[in-house]
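Undergrad: One structure, as structure tokens, below. Some questions next.
The values are calculated or read from the model by the stated rules, or taken from the named source; none is laboratory data. Just so it is clear, the model here is predicted, and its values are computed rather than measured. As a convention, Cβ positions derive from the backbone with ideal geometry for all residues, glycine included, and neighbour counts pool all protein chains shown.
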Amino acid sequence: MGELSIFVDESGEVGPRSKYYLITLLFHSQDKSLATHFAKYERILGDCQMPDIPFHLSPLLNGHDDYEGLSPGDRKRYLSKFLVFSQALPFTYHTFAYRKSDFSSSSKMIQRMRRDMTSFLFDHLEFLQSFESVKIYYDDGQQAVTNTLRDAIQYVVAKDAVLFKSAEPRAYRLSQVADFVCGIELTAIKYDAREQTATDERFFGGSNAFKKNYLRKLRKKRIG
């Protein structure tokens, strides 16, 4: 009986501004050490004289925030090294994705998300119950998402086994991985709908290149 950490990331928002809404749950058993992986990643960045910037996919692609002033080539190097780093980590994930136009209101989408998340957790109940404690790391970015997480997870898992904590990406490397996974899943939706942007193609290439070099590699860790 150990501890399970669930890192949560989202893409889009519950309101009208984005076309899609995605939420990713990334699972890591605390008995699987990450120290060696973290140290190797930090050493590679150091050897390449690349500052250890907390990974955030959207600002990386668009050259914003901590990536402002970096050339597209330098940002591609960060993307490539973070992909290799993520592939080696012992985690699994699941992403829930929704096209907002499929719902008559945001409340309908949230209801569907709650049902989907509860069903998924019940499907993996034996796995969840194998841990003494389950800790959820989420930055509380949207109250509706926080409530959905709390409702679904506490409904399925004993309430005293759940502890919600902040997951500020600078503090938790796995929060950065969850951001990466969620962003890649959104990009997959965009490529499938032929809605990819020029920036997407600059960093990922065409649809086949994206699927071969990014999506398929990450989806080896996806659980249904």
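Undergrad: Mind checking which residues of segment 167-206 are of a type in the set (S, T, N, Q) and either at pLDDT 95 or above or out of contact with any strand residue (DSSP E or B) (no Cβ under 7 Å at 6 or more places or on another chain) (or both)?
TA: 176, 187, 196, 197, 199
Undergrad: Let me ask something additional. Exactly one condition in (1) free of Cβ contacts under 8 Å to residues at least 12 places away in the same chain; (2) of a type in the set (A, V, I, L, M, F, W, C); (3) touching an Asp or Glu at 6+ places or on another chain (Cβ under 9 Å) is false for residue 8; which is it?
TA: Among (1) free of Cβ contacts under 8 Å to residues at least 12 places away in the same chain; (2) of a type in the set (A, V, I, L, M, F, W, C); (3) touching an Asp or Glu at 6+ places or on another chain (Cβ under 9 Å), the lone unmet condition for residue 8 is (1).
Undergrad: Right, residue 107: in a loop (DSSP other than H, G, I, E, B), free of Cβ contacts under 8 Å to residues at least 60 places away in the same chain and among the small types (Gly, Ala, Ser) or not? Don't jump to the end; show me each part of the working.
TA: Numbers: in a loop (DSSP other than H, G, I, E, B): no; free of Cβ contacts under 8 Å to residues at least 60 places away in the same chain: yes; among the small types (Gly, Ala, Ser): yes.
No; evaluated as a whole, the condition is false for this residue.
Undergrad: Sticking with this structure for a sec: Going by what's in this entry, would residue 13 be described as surrounded by 15 or more Cβ atoms within 10 Å (Cβ to Cβ), among the acidic types (Asp, Glu) and farther than 20 Å from residue 131 by Cβ? Don't jump to the end; show me each part of the working.
TA: Numbers: surrounded by 15 or more Cβ atoms within 10 Å (Cβ to Cβ): yes; among the acidic types (Asp, Glu): yes; farther than 20 Å from residue 131 by Cβ: yes.
Against the criterion (surrounded by 15 or more Cβ atoms within 10 Å (Cβ to Cβ), among the acidic types (Asp, Glu) and farther than 20 Å from residue 131 by Cβ), residue 13 qualifies.
Undergrad: Just checking, how many residues over segment 112-155 are more than 20 Å from residue 10 (Cα to Cα), assigned to a helix (DSSP H, G or I) and either at pLDDT below 85 or not aliphatic (A, V, I, L, M) (or both)? If you could, list the steps in order and put the result at the bottom.
TA: Pass one, segment 112-155, residues more than 20 Å from residue 10 (Cα to Cα): 122-133, 155.
Those still in the list that are assigned to a helix (DSSP H, G or I) too: 122-123, 125-129, 155.
Now restrict to residues that are either at pLDDT below 85 or not aliphatic (A, V, I, L, M) (or both): 122-123, 126-127, 129, 155.
Counting residues in segment 112-155 that are more than 20 Å from residue 10 (Cα to Cα), assigned to a helix (DSSP H, G or I) and either at pLDDT below 85 or not aliphatic (A, V, I, L, M) (or both) gives 6.
Undergrad: Here's something else I'd like to know. Return the only residue of 2, 15 being more than 21 Å from residue 164 (Cα to Cα), at pLDDT below 95 and either in contact with a Cys (Cβ under 7 Å, 6 or more places away or on another chain) or not aliphatic (A, V, I, L, M) (or both). Break it down into steps so the answer makes sense when it comes.
TA: Working: 2 fails: more than 21 Å from residue 164 (Cα to Cα).
Checking each option against the conditions leaves just 15.
Undergrad: Still on this structure: Is it the case that some residue within segment 191-200 is over 13 Å from residue 61 (Cα atoms) and assigned to a helix (DSSP H, G or I)?
TA: We begin by selecting, within segment 191-200, every residue over 13 Å from residue 61 (Cα atoms); these are 191-195.
From the residues that got through so far, the ones that are assigned to a helix (DSSP H, G or I) too are 191-192.
So far as segment 191-200 goes, yes, one or more of its residues are over 13 Å from residue 61 (Cα atoms) and assigned to a helix (DSSP H, G or I).
Undergrad: Would it be correct to say that residue 47 is modelled with pLDDT under 95 and on the phi < 0 side of the Ramachandran plot? Walk me through it before giving the result.
TA: Numbers: modelled with pLDDT under 95: no; on the phi < 0 side of the Ramachandran plot: yes.
No; evaluated as a whole, the condition is false for this residue.
Undergrad: Which ones in segment 191-221 are surrounded by 14 or more Cβ atoms within 10 Å (Cβ to Cβ) and in contact (Cβ under 8 Å) with a residue 24 or more places away in the chain? Show your work before the answer.
TA: Applying the first criterion (surrounded by 14 or more Cβ atoms within 10 Å (Cβ to Cβ)) to segment 191-221 yields 191, 196, 200-201, 203-205, 207, 210-211, 214-215, 217-219, 221.
Residues satisfying the conditions are 200, 203, 214, 215, 217, 218, 221.
Undergrad: Looking at segment 71-87, is at least one residue surrounded by 17 or more Cβ atoms within 10 Å (Cβ to Cβ) and polar (S, T, N, Q)?
TA: yes
Undergrad: Condition test on residue 97, is it in contact (Cβ under 8 Å) with a residue 12 or more places away in the chain, surrounded by fewer than 17 Cβ atoms within 10 Å (Cβ to Cβ) and aliphatic (A, V, I, L, M)? Can you show your working first?
TA: Working: in contact (Cβ under 8 Å) with a residue 12 or more places away in the chain: yes; surrounded by fewer than 17 Cβ atoms within 10 Å (Cβ to Cβ): no; aliphatic (A, V, I, L, M): yes.
For residue 97, the condition - in contact (Cβ under 8 Å) with a residue 12 or more places away in the chain, surrounded by fewer than 17 Cβ atoms within 10 Å (Cβ to Cβ) and aliphatic (A, V, I, L, M) - is not met.
Undergrad: Does segment 114-121 include one or more residues that are within 20 Å of residue 188 (Cβ to Cβ) and among the acidic types (Asp, Glu)?
TA: Among the residues of segment 114-121, at least one is within 20 Å of residue 188 (Cβ to Cβ) and among the acidic types (Asp, Glu), which makes the answer yes.
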